[in-house]
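Shown next, in structure tokens, is the structure this report addresses.
The values are calculated or read from the model by the stated rules, or taken from the named source; none is laboratory data. Note that the structure is a prediction, hence the values are computed from the model and not measured. Here the Cβ is made from the backbone with ideal geometry for all residues, glycine too, and neighbour counts use every protein chain on show. Protein only, heavy atoms only, side chains kept; ligands, DNA and RNA dropped before computing areas. Shrake-Rupley method; radii C 1.70, N 1.55, O 1.52, S 1.80 Å.
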Amino acid sequence: RERGRPGRHARIGLRQVAERFAAPVRHGATVAGGLLSGAGRDYAIYPLRDGWVACAALEPHFSARLTEVAGDDAAGFFAALTMDQVRALAEESDLPLEPFWD
């Protein structure tokens, strides 16, 4: 629209949406030991002092940054932090972390 082109939209069926969201399952990423299984250090949920944190440091630069910040024991590192500290850490270090309550 900003360049003078008319607005556009695309029709997408529910089947296509379901297939797209099922891709991780179809490719085995969510099976035990898979990339998105939660078993790896970079894609997991850790307990905090006052809640939990979801970590999604899948890309190499995020994984390296997580190692710089948390060292080899991410679970021990996060266990000592609060949700507010994790929010600040995520902002300061540009890490994909999201604290939450259960």
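Below is a table of values for the structure above.
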item	result
Looking only at segment 35-67, and only at residues there that are aromatic (Phe, Trp, Tyr) and over 9 Å from the mean Cα position of the chain (by Cα), the one that is farthest from PHE77 (Cα to Cα)	PHE62
Close pairs from segment 38-65: first under 21 Å from TRP101 (Cα atoms), partner open to solvent by less than 40 Å² (accessible area, probe 1.4 Å) and among the charged types (D, E, K, R), Cβ under 9 Å, at least 6 apart	CYS55/ASP42; ALA56/ASP42; ALA57/ASP42
Filtered residues of segment 9-31 (kept if surrounded by 12 or more Cβ atoms within 10 Å (Cβ to Cβ), at pLDDT below 85 and not aliphatic (A, V, I, L, M))	HIS27, GLY28, THR30
Check on GLY33, free of Cβ contacts under 8 Å to residues at least 40 places away in the same chain and not in a loop (DSSP other than H, G, I, E, B)	no
Every pair of residues 6+ apart whose Cβ atoms lie under 9 Å, when the first sits in segment 70-90 and is without any contact (Cβ under 8 Å) to a residue 40 or more places away in the chain and within 17 Å of PHE100 (Cα to Cα) while the second is in a helix (DSSP H, G or I) and aromatic (Phe, Trp, Tyr)	VAL86/PHE78
Those helices (runs of 4 or more DSSP H) lying entirely in segment 43-98 with at least 3 residues at pLDDT 95 or above and surrounded by 16 or more Cβ atoms within 10 Å (Cβ to Cβ)	60-70, 83-93
